[in-house]
Amino acid sequence: MKIYEFTQAPNPRRVRVFLAEKGINVPYEQVNLFTADNRKPEFLKINPMGGLPVLELDDGTHIAESVAICRYFEEIKPEPRLMGVDAKDKAVVEMWNRRMEFEVLWNIANSFRHTSDFFKGRIPQVKEFGEVSRGAGLKRLEWLDTVLADREFIAGPRYTIADITALIGIDFGRTTGIKVEENQKNLARWYQAVSSRPSAKA
C-alpha cells in the first residue's frame, strides 16, 4: 500500500492530516505537479484524471479523490471517528464537509487556479472568475465565523473531516491573500485550536 501525492497541494494534505489523526502510517510517493508528472502517460495509467492523491492498495486497486481515500481508512480503522458515529451524525458530518469543500476550499482553490501563473498553459484561465471566487471565499469565511459562534467545531462538538477540509482550504488561501480576519473571533478561535493539533503539521 502507498499513496501518490504532492506535499504542496491541498488535497493530498487533507489525506495526510486525516491519517495523522488516525495514527496511520502509509508510505508516500511524490508526483511533482510543478513538472506536470501527474499528466505523464505512466501516471495517467494510475489515475486517468491526473489528480492527486491516489491510494494504491496491495492488490493493485487505485482509489483517487481525497474523501474516498479517507472513507477507506475510516472503515478499516474507525477510531477516532472523523466521519460520524451513527446515521444522523454521519449525515451531518457529510453535509458540513461538503459545505467546506464547495463553499470554502473550492472558492479558494479557484481563486488560485484562475489567477496564478502556475496554471498558465495548464488549464483555461478566466481571471475575472478567479477574482469572483476570491471574493466568494472571503464572504464564506465571514459566514463560517457566524457558524462557529455556538459550537466548538464545524460539524458540532467533535473534530471531524469537515474541520480538516476547512483548515486545508484556509491555509491554502495564503496563495491569494485569503485569511482569517482579526474581527472574526469565532473563526480565529477555531483556527487556533485546529491548527495547533499535531496532525496539522502533516
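The values are calculated or read from the model by the stated rules, or taken from the named source; none is laboratory data. Treat the numbers as computed from the prediction; the structure is a model and nothing was measured. Cβ coordinates were reconstructed from backbone atoms using ideal geometry, including for glycine residues, and neighbour counts include every protein chain displayed. SASA here: full protein model, heavy atoms, side chains in, ligands and nucleic acids out. Shrake-Rupley method; radii C 1.70, N 1.55, O 1.52, S 1.80 Å.
Remarks
- Against the list (1) over 21 Å from A162 (Cα atoms); (2) in a helix (DSSP H, G or I), the condition L19 fails is (1).
- Qualifying positions in the range 13-29 - in contact (Cβ under 8 Å) with a residue 60 or more places away in the chain and either of a type outside the set (A, V, I, L, M) or open to solvent by 10 Å² or more (accessible area, probe 1.4 Å) (or both): R13, R14, R16, F18, A20, E21, K22
- Restricting the range 1-12 to residues that are surrounded by fewer than 17 Cβ atoms within 10 Å (Cβ to Cβ) and not polar (S, T, N, Q), the residue that is farthest from P198 (Cα to Cα): M1
- Among the residues of the range 30-80, those that are within 17 Å of the chain's Cα centre (by Cα) and open to solvent by 40 Å² or more (accessible area, probe 1.4 Å) comprise E65, A68, R71, Y72.
- Only residues that are open to solvent by 20 Å² or more (accessible area, probe 1.4 Å) and within 17 Å of R134 (Cβ to Cβ) were counted across the range 172-202, and they come to 8.
- Of M100, M83, all but one fail to be farther than 25 Å from K179 by Cα and surrounded by 21 or more Cβ atoms within 10 Å (Cβ to Cβ); the exception is M83.
- Filter pass, T165 being in contact with a helix residue (DSSP H, G or I) (Cβ under 9 Å, 6 or more places away or on another chain), of a type outside the set (A, V, I, L, M, F, W, C) and under 23 Å from G51 (Cβ atoms): yes
- Scanning the range 116-152 for residues that are of a type in the set (S, T, Y) and at pLDDT 95 or above, we see that the one that is surrounded by the most Cβ atoms within 10 Å (Cβ to Cβ) is S133.
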